[in-house]
Amino acid sequence: MLEVRDLVAGYGGVPILRGLSIDVQPGEIVAVLGANGVGKTTLNRAISGLIRTTSGAIRFDGAPISGLSAPDIVAAGLIHVPEGRKIFPNMSVRENLELGSYRRGRVNRAANLERVFGIFPRLRERTGQFAGTLSGGEQQMLAIGRGLMAEPRLIIMDEPSLGLSPLLVEEMFALISRIAAEGLAVMLVEQNVVQSLELAARAYVLENGAVVMAGSADDLKRDPRLMKTYLGM
Amino acid sequence: MLKFDIFLSALANGLMTGAVYALIALGLTLVYGVLHIINFAHGATLTAAMFAVFVAHSVFKIDPYLAIVMLTPLFFGLGYAVQRFVINPASHGNDSNILLVTLGLSIIIENALLAGFRSDTRSIDVPYGFSVIEIGNLFLSTPKVVAFFASFVVAGLLWLLLARTDTGKAIRAVAREKTGAALSGINVDHIYAVTFGLGAACLAIAACLLMPTFLVNPRIGNAFVLVAFTIVVLGGMGSIAGALVGGLIIGVVESLSGLYFGESLGQIGIFLIFILVLLFRPTGLFGAKA
Ligand SMILES: Nc1ncnc2c1ncn2[C@@H]1O[C@H](COP(=O)(O)OP(=O)(O)OP(=O)(O)O)[C@@H](O)[C@H]1O
Ligand SMILES: [Mg+2]
């Protein structure tokens, strides 16, 4: 469904991603793991059209998308829930969600709103509240909810557990697995290695803008190199 | 008793002028709120719109109120195109470049008008130009009353657009969170241009409302834009409600200080307010955090 091949991208001519390749199949949860600064967010930005790529290919459903604008990529059904949430702080929860279907999913807006409220009941209690006054966890729910409003076929989540309490991280991962159970493909970009590997079927480990390990989540869980690097064991 | 009537009439006149000031300030504050830049071409655009009303009337015999339905979409389109195809590409995403580009545009527009119309002051003659509405001892100029209510209608429509429509919500979204907007499928460049177009459209309406009682020359916009800028600062940069309330306040202040200190000093009250606001409440009456 998503194919990234030999991708080179960066900022101002400085390459951050150095020939990176990953795949996501329909309906699959794929984890993309890596320490701070390895280029995870840069990868997401390149895929979703926020930054231009230098070389390599990105295909979604077989069609090249690396030259498309961010709104056109949204229209194709590839939705990116960004790091830092990037919700609209000056607007209500409901308006934030409505704007999720600005480009895609507009005809089913009312039904999708209900669906999102079903997944995140806390958002329903706060429909009129300004998004900027939500707690961090609620903001993360809103960001995911806004993404779901566009009826994604593939959703990329950039560190959804960042800044959440351990209990809320549990809850967030449970919700993500529930969303994925509806058949949606999920690319889960995380530093939270253990929990991500519980959820994902496959995973990639990035270092320095390239894939250094890839395989099934079960194999990676037992890989001593991963344990050593990320868990200090 | 007579004194009170004069006061009332100055107050009413101030409110009526103030509503049109508010309309001019609306475009300025909207563009500031979304693009975070001061549009230096605002005054020149108003001048151009006023000349457009003048030409429509003197050449094509079109009534200024009828001209609203033609000039509003025309100026929306012009504002849209100029932002999207000139200002945006020329500024390379750099705010200080946008300032310079709009400044350059204002010089071009002003000089083109000077070349086309010379520096003469012109006005139009409409049959209702001097008609008045009588309320008790109060005589109100009909075109000014029309301008007063029309300004509120326009402000109300603008508010509805921003509050209720997807485009309006997208404008508010882009104002605060460009990346989040792009990832929701909003074309940020398009929304910037729409915002600019709305600003220009407000000016076209203001021009149509002003011309029955006002005159035009190639520099007329500057006088208005200084006042509009004061209103934007007073009301709070980027605030629609602030522009409306600020416009009315400034209109009344100008009119009353004209009454008590003489016509030529009328504007002093405005700039006094400007300085006081900057000193004591730099965020303005309805100002949000920077
Ligand atoms: N806008 C930018 N301009 C220049 N360099 C940038 C920019 N954004 C990120 N970088 C650099 O690119 C590199 C990769 O950053 P990126 O945000 O992709 O890392 P990450 O893997 O997402 O890290 P984290 O887990 O901390 O979010 C870093 O060295 C960073 O400094
Ligand atoms: Mg990151």
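The values are calculated or read from the model by the stated rules, or taken from the named source; none is laboratory data. Computed from a predicted structure; not experimentally measured. FYI the Cβ positions are ideal-geometry reconstructions off the backbone, even for glycines, and counts take in every protein chain you see.
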Where a residue in region A:3-17 is closer than 19 Å to residue A:28 by Cβ and its partner, wherever it lies, is of a type in the set (A, V, I, L, M) and more than 10 Å from ligand 1 (Cβ to nearest atom), with Cβ under 7 Å and at least six apart: A:4/A:20; A:4/A:22; A:4/A:47; A:4/A:58; A:5/A:57
Count of region B:150-168 residues which are over 22 Å from the mean Cα position of the chain (by Cα) and part of a helix (DSSP H, G or I): 2
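If you go through region A:34-50, how many residues are more than 10 Å from ligand 2 (Cβ to nearest atom), at pLDDT 95 or above and of a type in the set (A, V, I, L, M)?
The qualifying residues number 3.
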Selected residue (criterion: surrounded by the fewest Cβ atoms within 10 Å (Cβ to Cβ)) from residues of region B:56-100 that are farther than 24 Å from residue B:124 by Cβ and of a type in the set (Val, Ile, Thr): B:86
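Table: residues versus (1) over 18 Å from residue A:200 (Cα atoms); (2) within 16 Å of ligand 1 (Cβ to nearest atom); (3) touching a Ser or Thr at 6+ places or on another chain (Cβ under 6 Å); (4) polar (S, T, N, Q).
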residue	(1), (2), (3), (4)
A:147	yes, no, no, no
A:164	yes, yes, no, no
A:169	no, yes, yes, no
A:173	no, no, no, no
Lone unmet requirement of (1) within 14 Å of another protein chain (Cβ to nearest Cβ); (2) within 26 Å of residue B:238 (Cβ to Cβ) for residue A:158: (2)
Any hit, region A:101-120, residues being under 19 Å from residue A:186 (Cβ atoms) and facing chain B (nearest Cβ under 10 Å): yes
Residues of region A:159-182 satisfying the condition of being at pLDDT below 90 and either at positive phi or assigned to a strand (DSSP E or B) (or both): A:163
Yes/no for residue B:209 being more than 14 Å from every other protein chain (Cβ to nearest Cβ) and of a type outside the set (S, T, N, Q): yes
Near pairs, Cβ below 7 angstrom, 6+ apart or cross-chain, from region A:34-50 (over 17 Å from residue A:2 (Cβ atoms)) to any residue that is assigned to a loop (DSSP other than H, G, I, E, B) and more than 6 Å from ligand 1 (Cβ to nearest atom): A:38/A:208; A:38/A:209
Residue among B:185, B:129 that alone is closer than 23 Å to residue A:88 by Cα and outside any helix (DSSP H, G or I): B:185
Which listed residue, of B:131, B:151, is under 20 Å from residue B:246 (Cα atoms) and hydroxyl-bearing (Ser, Thr, Tyr): B:151
Failed item, numbered, when residue A:1 is tested on (1) aliphatic (A, V, I, L, M); (2) over 14 Å from residue A:155 (Cα atoms); (3) more than 16 Å from ligand 2 (Cβ to nearest atom): (2)
Selection status of residue B:28, in contact (Cβ under 8 Å) with a residue 12 or more places away in the chain and surrounded by 20 or more Cβ atoms within 10 Å (Cβ to Cβ): yes
Matching option when the condition is under 14 Å from the mean Cα position of the chain (by Cα) and at pLDDT below 90, among B:288, B:207, B:223: B:223
Some residue of region A:66-81 being within 27 Å of residue A:136 (Cβ to Cβ), in contact with a strand residue (DSSP E or B) (Cβ under 7 Å, 6 or more places away or on another chain), within 16 Å of ligand 2 (Cβ to nearest atom) and modelled with pLDDT of 95 or more: yes
Residues that are within 16 Å of ligand 2 (Cβ to nearest atom) and crowded, with 18+ Cβ neighbours inside 10 Å, drawn from region A:84-97: A:85, A:86
